[in-house]
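Novice: Quick one: the structure is below, questions incoming.
The values are calculated or read from the model by the stated rules, or taken from the named source; none is laboratory data. A quick note: this is a predicted structure, and the numbers were derived from the prediction, not measured. When we count neighbours, we look across all protein chains shown, and the Cβ atoms used for this are built from the backbone with ideal geometry, even at glycine.
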Amino acid sequence: MYVKTKGIILKNTNYSESSLITKIYTQTSGLKTFMLRGVRKGKASIRTSMIQPLSIVSLDFFQKPNTTIFNVKELKNTPVLYEIHSNIFKKTVAMFYTEVLNQCLTEEESDEALFGFLENEIIALDHSNFSADLPIRFLIKLSNYLGVYPQGSHNETTPFFCIESGGFVSQSSLYTSSIETSFLISNFILDINNNQQFNRSVRKDALDQIIKYYQFHVTRNKKIKSVDILREILN
């Protein structure tokens, strides 16, 4: 079956002297693996600059039954992204997004709502002003598409965010965040503008708590290596 679709580049692995094996999250077919032959040669029609992680592409390929690696007939960037590959702050956030998505996206099934969300978030990261809130906001929004969106909000009755239950609770425990961090996480969940001044340690803790939430509910305790670099950049 001939397939024409959009995709998001997630991972490239060198294969032979000139080729790459590339994982792409596609709009119509979910996560797929492709052989890109000769792309590391100077005269290749598909260049490595076109398939940097988080690049958005249009591609044509032939989907054969009982095949796990597919050949790309044609590929082009739609749109061309600049800042997430050149701006150090956005590049670091993009690296973080890519690692999270590689851990979370495993299904070879289409989810056009999720694809649309990711496409919009990537374009927004490239085009919009940089904000230290981006990684936390992205993780919370993404959790909705993964089926683990946190429930409830911070208030006097339930002031603590609980990683284990995925909601806000009345009593602190090993799995709860501080009241101040819980308040910030609640603002993100409710999509409240965080112009209120939170110090760096609270924002750092909020990011750490949401990552732990993902490890508990989605990624089975996998470590996100790029978060250390992300923390340095956000500081």
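Novice: Consider the range 127-180. How many of its residues are over 30 Å from N87 (Cα atoms) and part of a loop (DSSP other than H, G, I, E, B)? Reasoning before the result, please.
Specialist: Initially, the range 127-180 is screened for residues over 30 Å from N87 (Cα atoms), giving 147-180.
Filter again for part of a loop (DSSP other than H, G, I, E, B), leaving 147-150, 152-159, 163-166, 170-175, 177-178.
Qualifying residue count for the region: 24.
Novice: Check D191 against each of (1) loosely packed, with under 13 Cβ neighbours inside 10 Å; (2) of a type in the set (D, E, K, R); (3) not in a loop (DSSP other than H, G, I, E, B) and name the one condition it does not meet.
Specialist: That leaves (3) as the condition not met.
Novice: For the range 131-148, what are the residues that are free of Cβ contacts under 8 Å to residues at least 24 places away in the same chain and either at negative phi or buried (at least 18 other Cβ atoms within 10 Å of the Cβ) (or both)?
Specialist: S131, N144 - these are the residues of the range 131-148 that are free of Cβ contacts under 8 Å to residues at least 24 places away in the same chain and either at negative phi or buried (at least 18 other Cβ atoms within 10 Å of the Cβ) (or both).
Novice: Of these, E121, E164, which one is at pLDDT 95 or above, of a type in the set (D, E, K, R), assigned by TED's automatic domain parsing to the domain that holds I210 and more than 15 Å from the chain's Cα centre (by Cα)?
Specialist: Values: E121 fails: more than 15 Å from the chain's Cα centre (by Cα).
Step by step, each of E121, E164 is checked, and only E164 is at pLDDT 95 or above, of a type in the set (D, E, K, R), assigned by TED's automatic domain parsing to the domain that holds I210 and more than 15 Å from the chain's Cα centre (by Cα).
Novice: Residues of the range 1-19 being closer than 22 Å to P65 by Cα and in contact with a Ser or Thr (Cβ under 8 Å, 6 or more places away or on another chain), which ones? Spell out the reasoning first.
Specialist: From the range 1-19, those closer than 22 Å to P65 by Cα are 1-7; that's our starting set.
The answer is V3, K4, T5, K6, G7.
Novice: To continue, here is another question. I'd like to verify a number: residues in the range 81-95 that are over 15 Å from R47 (Cα atoms), assigned to a helix (DSSP H, G or I) and not acidic (D, E), how many?
Specialist: Final tally of qualifying residues: 9.
Novice: Collect the residues in the range 61-80 that are in contact with a strand residue (DSSP E or B) (Cβ under 7 Å, 6 or more places away or on another chain) and part of a loop (DSSP other than H, G, I, E, B), keeping them in residue-number order.
Specialist: Q63, T68, T78, P79
Okay, residues lined up against (1) closer than 22 Å to I210 by Cβ; (2) touching a residue at least 40 places away in the same chain (Cβ under 8 Å):
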residue: R40; (1), (2): no, no
residue: S55; (1), (2): no, yes
residue: S58; (1), (2): no, yes
residue: T67; (1), (2): no, no
residue: Y82; (1), (2): no, yes
residue: S86; (1), (2): no, no
residue: S128; (1), (2): yes, no
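Novice: Can I ask one more? Can you find, within the range 70-90, the residue that is surrounded by the most Cβ atoms within 10 Å (Cβ to Cβ) among those that are more than 14 Å from L54 (Cβ to Cβ) and not β-branched (V, I, T)?
Specialist: First, the residues of the range 70-90 that are more than 14 Å from L54 (Cβ to Cβ): 70-76, 88-89.
If we keep only those that are not β-branched (V, I, T) too, we end up with 70-71, 73-76, 89.
On the way: F70: 18, N71: 12, K73: 12, E74: 12, L75: 24, K76: 12, F89: 17.
Taking the candidates together, the pick is L75.
Novice: Here's something else I'd like to know. Suppose we keep only residues that are at pLDDT below 95 and in contact with a strand residue (DSSP E or B) (Cβ under 6 Å, 6 or more places away or on another chain) within the range 91-115. Which one would you say is surrounded by the most Cβ atoms within 10 Å (Cβ to Cβ)?
Specialist: By that ranking, first place goes to L105.
Novice: Which pairs have Cβ atoms under 7 Å, sit 6 or more apart or on different chains, and link a residue in the range 169-195 that is closer than 22 Å to K141 by Cβ to one that is surrounded by 20 or more Cβ atoms within 10 Å (Cβ to Cβ) and among the small types (G, A, S)?
Specialist: Filtered contacts from the range 169-195: T181/A206; L184/A206; I185/S177; I185/A206.
Novice: Any idea which of S49, S58, S45 is assigned to a loop (DSSP other than H, G, I, E, B), of a type in the set (S, T, Y) and farther than 15 Å from T98 by Cα?
Specialist: None of the others qualify; the one that does is S45.
Novice: Now, a different point. Tally up the residues in the range 91-125 that are of a type in the set (S, T, Y) and within 15 Å of K223 (Cα to Cα), please.
Specialist: The total comes to 2.
Novice: Residues of the range 205-222 being charged (D, E, K, R) and surrounded by fewer than 17 Cβ atoms within 10 Å (Cβ to Cβ), which ones?
Specialist: Within the range 205-222, D208, K212, R220, K222 qualify.
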